[in-house]
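> Here's a structure for you.
The values are calculated or read from the model by the stated rules, or taken from the named source; none is laboratory data. Everything numeric here is computed off the predicted structure, so don't read it as measured data. Glycine gets a Cβ as well: all are built from the backbone with ideal geometry, and neighbour counts include every protein chain shown.
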Amino acid sequence: MKRNLITMMLFLMVISASAQKQKYLGMALFNTQTAVPFGKFAGLFTKEFHPGFEATYGKNISSRKKHDWFLEVKLAYFFHRYVQHGILLYLNFGYRYKINSRFSAETSIGAGYMQSIPATAKLKLNGNGDYVNNIGVGRMQAIATFEIGLGYTPNPSAKRPVTIFTNYQQRIQMPFVKSYVPLLPYNSFMLGIRIPIK
């Protein structure tokens, strides 16, 4: 399954690279909480802080006056205190509706790979009868995402107009612990910028 997922991601990256449409880069900071889908929106601002950073390379694969279809490659890192460090690489496919020249709304779905590295000691008994740290490089995981968001472009007539965006993302990590919590859901609130590069 993991080999098929990586093959599919590489195939979609090649398709994205060959498209001759508007390209852009994005950067975002986010906070993450574990909860059922759409279950902890207010907690993202008032409870524990599990920070993250995400970088995006995207292309509008189809663009009209009011509509964009886009494909994005995303690389992210987040820290879930006492649980894990997560390094994510995934693809997003989405739709953006341009309300007017300054405001837009979008939604997307995604899937990809996550490297989960334990954030606390993971002990193992060695041959001498001593416990030693056994974190290693972590575990390979799969992720699936769903996002909704809003964008604001302060100066749409600029040569390279910067868009400020905010997204709410629901992410599912799998399999987290097969016998206990096979699917670990995360809610994230993101704030970032998007800059055209062509």
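> Please verify whether the stretch 117-138 includes one or more residues that are buried (at least 18 other Cβ atoms within 10 Å of the Cβ) and either among the aromatic types (Phe, Trp, Tyr) or modelled with pLDDT under 95 (or both).
no
Residues checked against (1) in contact with a Cys (Cβ under 6 Å, 6 or more places away or on another chain); (2) modelled with pLDDT under 85; (3) part of a loop (DSSP other than H, G, I, E, B); (4) over 17 Å from GLN170 (Cα atoms):
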{"site": "VAL36", "(1), (2), (3), (4)": "no, yes, yes, no"}
{"site": "LYS40", "(1), (2), (3), (4)": "no, yes, yes, no"}
{"site": "LEU44", "(1), (2), (3), (4)": "no, yes, no, no"}
{"site": "PHE49", "(1), (2), (3), (4)": "no, yes, yes, no"}
{"site": "SER62", "(1), (2), (3), (4)": "no, no, no, yes"}
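> So the check is Cβ under 8 Å with 6+ separation or different chains; which pairs have a first residue in the stretch 143-171 that's in contact (Cβ under 8 Å) with a residue 24 or more places away in the chain and a second one that's crowded, with 18+ Cβ neighbours inside 10 Å and in a loop (DSSP other than H, G, I, E, B)?
Once the first residue is in contact (Cβ under 8 Å) with a residue 24 or more places away in the chain and sits in the stretch 143-171, its partners that are crowded, with 18+ Cβ neighbours inside 10 Å and in a loop (DSSP other than H, G, I, E, B) give PRO161/THR153; VAL162/THR153; THR163/THR153; ILE164/THR153.
> Go through the stretch 66-95 and count every residue that is at pLDDT 90 or above and in a loop (DSSP other than H, G, I, E, B).
1
> Taking the options LYS59, LYS98, LYS65, name whichever one is of a type in the set (Lys, Arg), touching a strand residue (DSSP E or B) at 6+ places or on another chain (Cβ under 9 Å) and touching a residue at least 40 places away in the same chain (Cβ under 8 Å).
LYS59
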